[in-house]
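Structure record follows, encoded as structure tokens.
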Amino acid sequence: MTKPRLLAVILLLSSVSLANAAGMEITTKSPQARTAFKEGISKMETLHWEPALESWRAAGKADPDFALAHAFLAMLSRDPVEQVAERDKALASRSSAGPQEQLIVDWVVNASQAHWVSAIQAMNEVLRQDPHDKHLAWLAGLWLTNQRQSEHAIKMFNRAAKIDPKFADPWNQAAYCYARLRNFDKAFTYMKRYAELLPHEANPLDSLAEISRMAGRFDDSIKYYHASLKLDPSFIESQAGLGDTYALMGEEARARAEYAAAAEKATTRVQSVNFALQSAATYAREQDFANADAAFEKVAQLAHSKDLGTLEAEAWRVMSVYQKDNARAMELTAKAEAVLQEKHSMSATARDQELAIILRTRAGRAIHDGSMSAAQTALKQLKKLAASNPSGRVQFALHGAEGAMLLAQGKYEQAIASLTDDDQNPFSMQRLIVAYTKTGARDSAARMSQTLAHFYEPTIEQAVVVPEFNKGLVAMKDKN
């Protein structure tokens, strides 16, 4: 299982290990809270996510002034209501923490509120205090990974692993970086080492399954997911992972059955909504748009009833992606944006990141429809957001929208420069191929065509773009 991509979560993971490895005093008046906090750290390092959260909840309950426990929950909880409540508790109890702990609280809280300069300043100060710590090297790698700087991140993960070759997760993280760089030989070498270090844990098998899927080795992916579930039947990520793999294989009914099984095991309201989102997308893959609409509307209503504003917005936004009627698509992006303006419990970071993706989607749809004025309006709004929020997701969304506009304007070289920064989005990848072809960069176009043809991420963008793209390649080959 890879880590969630939100910057806030990555910051938190780093803080967890820092507190344990750097020998920093954990400031709490309760021995019970200290023990529970350390148990949470241990559980998180092997990616036992929910048990770690439970340990930190227990720590915060044993000592309500335990700032570090509240900060971890603020950023690692998957429940937006809990995130906001724990952030406020972390701020309220900050003065009870030690100086280094206060930096971590500042880092986590500012990241949650999208105060990026303050967050980065706090992060840099924590890093400065111990440049040779293995967990801080891991931290830097996670940070770079979030910025999609995979090559630089690998160096930091290798550094952490060199300091302590038995520190397992850097091998896992580096494997994912290699996979994103399409170097699957290296990815599997690192992942197998990770599995050797944790032979009795389900997550290495889950990670092997996910990277196998990314490589298009679907049979291996299914095999590893089943092995993970055999080792730990409660490992819900592998149950959902089976759904993802079957969805990409075109076995949509089977995928829905796996998502339903994962939903039955769900222990949080966020998990159940996420699995429902993935299940709804299978209808779009089948071109059954009526059932897709019905399923996504149901998910949006479910998310609304659970006060999960970002997931409700995501449901409407995802629904817009596969619409044939552009007016309907634009209506749905407006609906998604409106949800983010409602009084839901969510962090500023989560709101900004979802809004950025909505605006990129709207700009792309408008350009496709020839509605350049609407596209310019969305791009202007996205630029304003990006000017105040330098997080990776917001910036990549901006580059994707800018690249789409530049391509439409015939500014191919400039389009390439922008679209290259959004090259994990199938729409941007497809536009890159066009831009490369227009500039005569046939080798680059061919490489990107291969990458897009073998892009195996279970997203709605992949579902809309890649199957049709591959049909076109087959038709072209048959014609020649």
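The values are calculated or read from the model by the stated rules, or taken from the named source; none is laboratory data. No experiment lies behind these values; they were computed from the predicted model shown. Ideal geometry is used to build each Cβ from the backbone, glycine not excepted, and the neighbour counts take in all protein chains shown. Accessible surface is based on the protein model in full, side chains and every heavy atom, while ligands, DNA and RNA are left aside. Shrake-Rupley method; radii C 1.70, N 1.55, O 1.52, S 1.80 Å.
Of everything in segment 65-118 that is among the aromatic types (Phe, Trp, Tyr) and within 26 Å of the chain's Cα centre (by Cα), the residue that is surrounded by the most Cβ atoms within 10 Å (Cβ to Cβ) is PHE72. Considering only residues in segment 170-186 that are open to solvent by 10 Å² or more (accessible area, probe 1.4 Å) and touching a residue at least 40 places away in the same chain (Cβ under 8 Å), the one that is farthest from the chain's Cα centre (by Cα) turns out to be ARG182. Among the residues making up segment 406-425, those that are buried (at least 21 other Cβ atoms within 10 Å of the Cβ) and closer than 30 Å to SER207 by Cβ are LEU419, ASP422, ASN425. So is SER30 of a type in the set (Ser, Thr, Tyr), closer than 23 Å to SER345 by Cα and modelled with pLDDT of 85 or more or not? Here the answer is no, as SER30 does not meet what is asked.
How many residues does segment 129-169 hold that are assigned to a helix (DSSP H, G or I) and either at pLDDT below 90 or open to solvent by 60 Å² or more (accessible area, probe 1.4 Å) (or both)?
25
Screening the candidates GLY403, GLY392 for the property of being out of contact with any Asp or Glu (no Cβ under 8 Å at 6 or more places or on another chain), open to solvent by less than 10 Å² (accessible area, probe 1.4 Å) and among the small types (Gly, Ala, Ser) yields one hit, GLY392. Consider THR310 carefully, then state whether it is of a type in the set (Ser, Thr, Tyr) and either open to solvent by 60 Å² or more (accessible area, probe 1.4 Å) or more than 17 Å from the chain's Cα centre (by Cα) (or both). Spelling it out, it is not the case that THR310 is of a type in the set (Ser, Thr, Tyr) and either open to solvent by 60 Å² or more (accessible area, probe 1.4 Å) or more than 17 Å from the chain's Cα centre (by Cα) (or both).
Quick grid of which residues meet (1) in contact with a helix residue (DSSP H, G or I) (Cβ under 8 Å, 6 or more places away or on another chain); (2) among the hydrophobic types (A, V, I, L, M, F, W, C):
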| position | (1), (2) |
| --- | --- |
| ARG351 | yes, no |
| ALA363 | yes, yes |
| MET372 | yes, yes |
| ALA375 | yes, yes |
| LYS380 | no, no |
| ALA397 | yes, yes |
| GLY403 | yes, no |
| LEU407 | yes, yes |
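When segment 339-369 is filtered for residues that are open to solvent by 20 Å² or more (accessible area, probe 1.4 Å), touching a residue at least 60 places away in the same chain (Cβ under 8 Å) and in a loop (DSSP other than H, G, I, E, B), the ones remaining, listed by number, are HIS344, SER345.
Of these, TYR246, TYR224, which one is farther than 24 Å from ALA356 by Cβ, without any contact (Cβ under 8 Å) to a residue 40 or more places away in the chain and open to solvent by less than 30 Å² (accessible area, probe 1.4 Å)? Just a single option satisfies the conditions, and that option is TYR246.
The residue pairs whose first member lies in segment 379-405 and is of a type in the set (Phe, Trp, Tyr), whose second member is open to solvent by less than 10 Å² (accessible area, probe 1.4 Å), and whose beta carbons are closer than 6 Å, counting only pairs six or more residues apart or on different chains, are PHE396/ASP422.
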